[in-house]
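A quick write-up on the structure given underneath.
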Amino acid sequence: MSRVGEGGRSRGGERARGRAGELLLRFFLVLLAASCAFASGTTAWEMNTYTDFIRGQFQGVSLSRDGRLTLAPRMDTLFSSDQAVVWSVAQGANGVLYVATGHRGRVYQVDPSGKSSLLWTAEQPEVFAIATDSRGVLYAATSPDGKVYRIENGKATEYFAPPKARYIWALAAGPAGALYVGTGDQGRIYRVESAGKGELYYDTGQSHVTGLAVDSQGRLLAGTEPNGILYRVTAKDKAFVLYDASLPEIRAIIPEADGSVYVAALGGSLAKRAQLATQASQAGVGGITVQSAPASITVEAQNTEPGAEIKPQTDASRQTQSAATPQVTTQFTPTPDLSGVERSAVYKINPDNTVETLWSSKEENVYDLLALPNQLLFSTDSNGRIYGLSHDRKVTLVLQTNEGEATRLLPSAGSVLVATGDMGRIYRVGEGPGAAGSYESPVHDAGTAARWGSLSWRADMVPSTSLMFRTRAGNSAKPDKTWSDWSPPLKDAAASSITSPNARYIQWRVEFSGSGGVTPVLDNVTLAYLPQNSPPVLKSINVTLQMAAVLGSKASQQQSLSPYTVTVSDTGDTSSSSPAGTPTQTLSRAAAQQIVVSWQAEDPDGDRLVYNLYFRGEDEHQWKLLKGGLHDNAFTFDGDVLADGKYYFRVVASDNEVNPPSTARDAELTSSPVLIDNTPPVVTIGAVRHSGSAATIEFEGADAASQLRRCEYSLDAAGWVPMEAADGVIDSQREKFVISLDKLSPGEHLVVIRVLDSANNAGLAKVVLH
C-alpha cells in the first residue's frame, strides 16, 4: 500500500520538473490578469498544503504529508452485514474471516471471495470481541451480562462466564491454548484454560479492560479505561505499567517482534459509546438500564509510574473502597466535545520503555492500528479515514471510506481489510491506485457576495491521466438545494473562468482519472475573486472639551522675558528696576478650551478609511466642512471659533482611497446636539441692606446660552459657601439669590459671588460691606 502513486510520480516527475518554471510563470500571470480585471480588491483563495486539503471530502483520493493529492488505493466492498456496526474481526484458516456485529448480536463467516453466511446469533445484543486460537477455534464474547462462547461447526456453547462481569471488551489467545478475557465494569482480566475453568489473572482497579494483546514473549498487554493505563502482565497478580496516558482509554495495542509496542488512545471513550449503543438497543426490548462505574476511580497504594510493579486489589480492599466511596448508578451520557482538547493519540513504546507520541488529534478518535513493514496504518471516526505513518513520522491520508468510523484493520494477502461502523461493512484495500476518484474542497467564505474570477491549478500529469474541475456557489454556509449546480468542466489549468453565480460561498471539486496504475498528482489550486465592497461602519461620535495652554501677546511675552522687581526697605522707600514706575501685573488665562471630536469606525474588508468632518449650527441648514482627508479618528480645534449655541457634527467615512470610484463605499454618522457655551453668566447685584452686624445681599444670575448649575459666595477670601436659588432649585438660565450674613465683625468686608452655568463658565461680582 505504501507504493500507491509512486509509479505515477516517477513517470511524471521528469516532465513535471521540466514544466515547473512554465507553470509557475503562468500562475503569476493568472493572478496579475485577475488583479487587472477586478481592480484593487481582488483576493486569491489558495490551497497547497496538507492542512489546506485535509479539511475537504475524499472519495478514492489520497493526501500526502507534503500536500499532494493522488488517486487512493483501490477499495472494494468485501462484505456488507446490514448491521449497525462491525465491532471486531478475527482471521481463521484459509483466509476465512469471522465478523462480530451490533446491535443484534450476530456473528458472520466470510470467505476470501466475499461470500458470507450468518454463523451465530447471540442472546445478547452486542458481540464486542471475537478471537481465534492457534488451533483455529473461534471464541465470541457477548454483552451485557458478559459471557464467552466457543463456536464450532456453527454451534455455540458457553465457554466461560466471568463472575459479575457486565461487559467483555477484549479477547486474546495466549500460548498453550489459554484465552484471556478483559471485562468491565470491574476492570478484571481472566485466564481461561478450558471450558468453565477460568481464574482471575489480574485486577487492574480500573473500570474497563478495553484492549488485550500478547507480545512475542508470550506476555499479556492490557489497556484500560478511564485512566488510560497500559499494563504488561507477566504472571498471575503481577503487572508492570508500560505507560500512563493522558487520554482516558487505551483502545488498540500492537506488539512488535523487537519489543516495541504501538498504542492507540482515545479521549472520547469508546467503551461508554458502546454502552450507550447497548442501552439504546435494549430500550425497545425491556428498557435495560446500563449502569456506570463509580464517578471517579482511585487505585490506592499503587504506583502508576512507568516501571512500577502493580499489586492487585483484593476483594476485601475493594469492599473497603466501595464502602468509602458510594457507588453512583446512572445512565451514561455522551462525553462532551471540548473544542481544542486532544481527543486521541498514537504512541510508540520502545523496548527501553521510553515513549514517543507519533500522532495526535483534537478532532478525530483513532480506533485501530495495523503495523506494515514500511508504515503504520491507523483508522479514525472522521468519515472512516485510514492514515499511514511512515518511519520518518510523515502522515498520509491513505483513503477515506466515507463511513461513520473505521473500527478495525487487518492484513490480508497483499491487501488490507477495513471494518466500518454505520453500515457494518468490510472493505478490501489493494496496493495499486484506483482508476477514478474525486475531491471536494472545503467551503470557502468570501465574507460577502463576491464576483468569481478564474480557477487555476498546478499538477503533474502523465499520459492517460486527467483532472476535471467544477465549481458551485451559494449563500448558505453549508451546501444545500439553494446552491447552484456543479458547473460545466473547467479544463484550462492556467486560467479557467468560473461560471458559478456570484455569491458569498464557493466550493470546487476535482475528478481524478488514471490508468494502468498511474495517477495524476495535484499540488496547488488557486481561485481568484472580487468580494463585494462592504461600506464602512461608524459606531459612535464623541465630542469633548480639553484645556490647552494659551500663548500671550507679544508684549506679554516680552514682559515675561524682562520681569520687573519691587524692593521694600525698612524705611518704606521703594526702588524699582524700571524707570517707568511700578506697572500693574496682569494675570492672563492659563489655558483656553479646545473641542475634540473623535469617532469609532471600522471597515469589514479591512480597507484603509479616510474621513471628512462637518458641522452645522442648530439654526443653520447647510453642513460646513470643518476638516477633510483625515486618517486619524479624531480632530481637535479651537473652541472659540464657534459662537455660543447648539451644534451638530457629522463624520463621513470612505474607502475610496483603496477602491475604484465605481465600487467605493462610504458611511456617515451625525452626533447628538452639542451645546457650546463660552460666555460666563452675568451677575447683577440688587439691594444690599445692613442691620447692625447683619447684612442681606440680593442679586441675580443670568446666562444667555445654558442653564445655571451652581452658585456660591466667599467672605473675605475664605472658602466658597454653596447657595440655593430663591425658588429652591438652580435649574434655569435666570435665577434670583439672597445672601444673609450675620455676626459680622466691625469694619470693612469683601463678599465675592460666583455663578456657574452648565458649561462650567463662571460669572463673578463683588460687594464691599462697610
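The values are calculated or read from the model by the stated rules, or taken from the named source; none is laboratory data. Since we're looking at a predicted model, the values are computed, not measured. So basically every Cβ, Gly included, is an ideal-geometry build from the backbone, and we count neighbours across all protein chains shown. Only protein heavy atoms, including side chains, enter the accessible area calculation; ligands, DNA and RNA are left aside. Shrake-Rupley method; radii C 1.70, N 1.55, O 1.52, S 1.80 Å.
General observations
- Remark: relative contact order (the range 618-770) = 20 percent; criterion is Cα-Cα distance under 8 angstrom and separation of 6 or more residues.
- To the nearest 10, the accessible area of Ile254 is 40 Å² with a 1.4 Å probe.
- Entry comment: accessible area of the range 145-211 is 35 Å² per residue, from protein heavy atoms only and a probe of 1.4 Å.
- Karplus-derived 3J(HN,Hα) values for the range 695-700, using 6.51 cos²θ - 1.76 cosθ + 1.60 with θ = phi - 60°, are 8, 10, 10, 9, 7, 10 Hz; glycine and proline are entered as x.
- As a rough guide to protection, the peptides 454-460, 474-480 ranked by mean Cβ packing within 10 Å, highest first, stand as 454-460, 474-480.
- Accessible area per residue, Å², the range 52-92 with all protein chains present, probe 1.4 Å: 36 Å²
- Residues with amide H under 5 Å from that of Ala695, placed H, sequence gap 5 or more: Leu741, Asp742
- Over the range 107-155, the reciprocal of the mean inverse Cα-Cα separation, the Kirkwood hydrodynamic radius, stands at 11.5 Å.
- To put it simply, the accessible area of the range 368-441 at a 1.4 Å probe is 50 percent carbon and sulfur.
- Ranked by how many other beta carbons lie within 10 Å on average, peptides 733-741, 380-388 from highest: 380-388, 733-741
- Computed over protein heavy atoms with a 1.4 Å probe, the carbon and sulfur contribution to the accessible area of the range 633-770 reaches 50%.
- Based on protein heavy atoms only, the range 721-770 ends up with 59 Å² per residue of surface accessible to a 1.4 Å probe.
- Take the Cα of Thr157, step 7 Å toward its Cβ, do the same at Ser513, and the gap between the two points is 6.1 nm.
- Difference of contour (0.36 nm per residue) and Cα-Cα distance, Ala762 to Asn94: 229.8 nm
- Globularity index of the range 54-205 is 1.22 (Cα radius of gyration / 2.2 N^0.38 Å, N = number of residues).
- Per-pair calculated FRET efficiency, R0 = 25 Å: Ala413 and Gln57 via Cβ, rounded to 0.05: 0.25
- Sequence-distant residues sharing a close amide H with Ala252 (under 5 Å, placed H): Ala264
- Accessible heavy-atom area order of Met47, Met423, highest first, probe of 1.4 Å: Met423, Met47
- From phi via Karplus (6.51, -1.76, 1.60), per-residue ³J(HN,Hα) for the range 498-510 in Hz, x at Gly/Pro: 7, 9, 5, x, 4, 6, 8, 10, 8, 8, 10, 9, 10
- Net charge of neighbours whose Cβ lies under 9 Å from the Cβ of Tyr367, counting Lys and Arg as +1 and Asp and Glu as -1: -1
- Interatomic Cα distance distribution for the range 384-438, bins of 10 angstrom, percent: 21, 53, 25, 1
- Exposure ranking of Leu266, Leu372 by accessible area [1.4 Å probe, largest first]: Leu372, Leu266
- Modelled FRET efficiency - R0 51 Å, Arg135 with Ala435, Cβ distances, 0.05 increments: 0.75
- Both radii come from the Cα set of the range 418-517: Rg as radius of gyration, Rh as Kirkwood radius; their ratio Rg/Rh reads 1.06.
- Accessible area of Met547 in the full protein assembly, 1.4 Å probe (Å², nearest 10): 120 Å²
- With R₀ set to 56 Å, the beta-carbon distance separating Phe240 from Asp82 gives a calculated FRET efficiency near 0.80.
- Spacing of the modelled spin labels on Glu363 and Val596, each 7 Å from Cα toward Cβ, amounts to 4.7 nm.
- Pairs of Cα atoms in the range 658-704 fall into 10 Å distance bins, from 0 up to the last occupied one, in shares of 17, 19, 16, 13, 11, 9, 7, 6, 1 percent.
- 5 angstrom amide H check on Tyr159, placed H, neighbours 5+ away: Val148, Tyr149, Arg150
- Peptides 58-70, 125-137, 348-360 ordered by packing proxy, namely the average of other Cβ atoms within 10 Å per residue, highest first: 58-70, 125-137, 348-360.
- Label point at Asp731 placed 7 Å out along Cα→Cβ; residues across the range 660-693 whose backbone nitrogen lies under 19 Å: none
- Averaging 1/r over each pair of different alpha-carbon atoms in the range 625-754 and inverting the result gives 19.3 Å, the Kirkwood hydrodynamic radius.
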